[in-house]
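The structure appears right after this line, and notes come after that.
The values are calculated or read from the model by the stated rules, or taken from the named source; none is laboratory data. None of the values given here were measured: they were computed from a predicted structure. A quick note on method: Cβ atoms are made from the backbone with ideal geometry, for glycine too, and the neighbour counts reach across all protein chains shown. These accessible areas exclude ligands, DNA and RNA; they are computed on the full protein's heavy atoms, side chains included. Shrake-Rupley method; radii C 1.70, N 1.55, O 1.52, S 1.80 Å.
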Amino acid sequence: MWLQIGYPPFVIETHTSPSFPFLAALVFLKSSENPSHPIPRKQGYNQELCLEKRVFEDMSGGCSIVWFRRDLRVEDNPALAAGVRAGQVIAVYIWAPEEEGHYYPGRVSRWWLKQSLSLLDSSLRNLGTSLVTKRSTDSVSCLLEVIKSTGATQLFFSHLYDPLSLVRDHRMKEVLTDNGIAVRSFNADLLYEPWEVLDDEGLPFDTFTEFWDRCLTMPYDPESPQLPPKKIISGDLSKCPSDTIIFEDESEKGSNALLARAWSPGWKNGNKALSAFMNGPLLEYSKNRRKADSATTSFLSPHLHFGEVSVRKVFHLLRMKQVLWANEGNTAGVESVNVFLKSIGLREYSRYMSFNHPYSHERPLLRHLKFFPWIVDEGYFKAWRQGRTGYPLVDAGMRELWATGWLHDRIRVVVSSFFVKVLQLPWRWGMKYFWDTLLDADLESDALGWQYISGTLPDGREFDRIDNPQFEGYKFDPNGEYVRRWLPELSRLPNEWIHHPWDAPEYVLQAAGIELGSNYPLPIVKLDAAKARLQEALTQMWQHEAASRAILENGTEEGLGDSSEAAAPIAFPQNMEIEMDENTLRATPTTTTIRHYEDQMVPSMTSLLSRGDEEVSSSDAGIQAEDSRAEVPINQGVVDIEMVRTEPRIDVITTMGFPDGDHLQAESSSTSRTGSRERDGGVVPVWSPSTSSFTVDEDSSYLQMQHAQSHQLITWRRLPQTG
DNA sequence: AGAAAGTTTAG
DNA sequence: TAAACTTTC
């Protein structure tokens, strides 16, 4: 498809530091090779990169396009500043979600984007221009149109580091340059560009700690944040009307209505959140951040995702605060800043990883992990999504995620670790679900997080470690408040049993009104069964890895060999659309088909494609959608190993007691009880399901409402093929 | 002092 | 889980 061997080099120009006015980074992204086992050190396995100093005279006099993407702010926005310096400015936002492949933004994320754009527009209006919004399926040709209709002569934009953007931006740069347009791009998203942070041999780091140490000891500081422009001279917009962009459909509006009660998108509000955090929870951050149910985190992640808040500003403010506290001998404060900075560092690292390993959202970084026999079980997947695993902390988390689009960092770790290690579902599914549901969905961060949890990173979690949700429950939610909020059916269970109801004596359960297997599930998989299964899977993984290696060494291409994957640099999953089409034709039993395949598509996408543009409204249609979702595509073109594991004895709950999610009528969040939680003096509304009739309708919504605009989404099948 | 046992912490 | 760190004897 689009990333293949012979992938073209691309050029990124970047304004880095005053002493180095401009660096043009010429980056040859070779196809990614996964590091091989054992864990590689400093192999420089991905890219060559060379920096070339060039001097630009400031372009001025003309009219510039400033292309906004994930830098939706007017302060500390170098692209905007450059436009303002050069003369007239045309600010553009292009909504072209088809370009994102299957990472079409989820409902809550689109809600945020919509608010953010409208606030950006009003800020721009105050400064003298406005935001031109365009609906397109191809940003590059759309930019060309805007340029033609406005007579602009240059284009400024901020860098993105996900593989799709890297490719698109490179193409854009070529096309526009060929059309006589001057194109310049800037770092607005990171403290340091990925190619600035290298080890002594000039190679990228492959562990976070080393990376972050280097960032903190760079010989030059991240650039200081810039103030917003005082005034913008608008270019001629008369021939360049905005398109109306539809970010949410009718069915989504109700669910979105409550978001505004807890969140305020936009760069100004991002700044408010930043100072609220810095003047409040930051001081105790290192102590408090471990409580699942408290508002002690920064709540900055959605602002950061959309670039409403500049990380450089965050960084500089934090450092100033830290110096202040250090002078006062406030060691707790100093430590808190370090801990918080580390999470900023992880965000940096996610971009770094995405840049150096363009496939990191698709496949494990560690090579042998691609031989892990994931359990392809949509029943598990569904139970996880609906919060019906029988592990209260996991279930509470999943319910919160669905209801609010938000999850405390700790709980993200808990639910994802459970997903990968206990259920052994392919991590990409979980990642995709996070992408679809999180308010701060961020491809790079989520890829890093899931890879970390899955043990597919050189410095990830131990692979054979299974975290115990019961123990974690008592760690992060010692009084069970979090569980009780999100699992009303357990609210009368005493603390002693709240995180392991399956151990509770019958009379306790009765007193609490709980009938396990009926109104709350028994554990979907018992932990010792999961451990045994994990060990077995690991053994298989190593066998297959060894077999594959042996075959490669013998130079044979027969049998097990998936030489195309293992030996040759890897292309992005090839022929994804064909793969999907084939899949829709295949009918397989719903339950427990277990296959070895490392690169599954996400089930929701499957059903989406199989449903086509059809409106699904009747319950019948819902069932069909469910059926067609049964199979997960197998990429036969790439991987030949396809094996069926016989499932060890596992306690699987067959009747959950919950009505099937698909047949429930949606209890829209508007009927939910609204509570509130403290956040920095102010009260932030939080909605929780009403105790009386909580139903989980997440699944049908996930498939039907989430992607209700499927007719728009579908076009990713028609992505331009440049390979 | 030094081993053993307990505690904390990890994205 | 497991390794690092702290406390106890």
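Data overview
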item: A:GLN543 versus A:ASN179: modelled label distance in nm, points set 7 Å from Cα along the beta carbon direction; result: 5.7
item: Filtered trypsin sites (Lys or Arg not before Pro), segment A:409-472: DSSP coil and at most 14 other beta carbons within 10 Å; result: A:ARG465
item: Kirkwood-type radius of segment A:430-483, with distances r between different C-alpha atoms, in Å; result: 12.9
item: Unsatisfied cross-links (Cα-Cα over 25 Å) in the set A:LYS272/A:LYS342; A:LYS313/A:LYS475; A:LYS287/A:LYS475; A:LYS230/A:LYS272; A:LYS230/A:LYS313; result: A:LYS313/A:LYS475
item: Whole-Å distance, taken between Cα centres, linking segment A:320-370 and segment A:113-146; result: 31
item: Portion, in percent, of the accessible area of segment A:82-174 that falls on carbon or sulfur, probe 1.4 Å; result: 49
item: Compactness index (Cα Rg / 2.2 N^0.38 Å), segment A:332-461; result: 1.06
item: Residue-normalised accessible area of segment A:473-530, expressed per residue, 1.4 Å probe, Å²; result: 43
item: Net lengthening on full extension, A:LYS239/A:GLU553 (0.36 nm per residue, minus Cα-Cα); result: 106.8 nm
item: 10 Å binning of all Cα-Cα separations within segment A:173-297, expressed as whole percents from 0 upward; result: 8, 17, 28, 29, 16, 2
item: Gain in span if fully extended, A:VAL323 to A:LYS231, counting 0.36 nm per residue against the direct Cα distance; result: 29.7 nm
item: All-pairs alpha carbon distance profile, segment A:448-528, 10 Å steps from 0, percent; result: 17, 39, 26, 15, 2
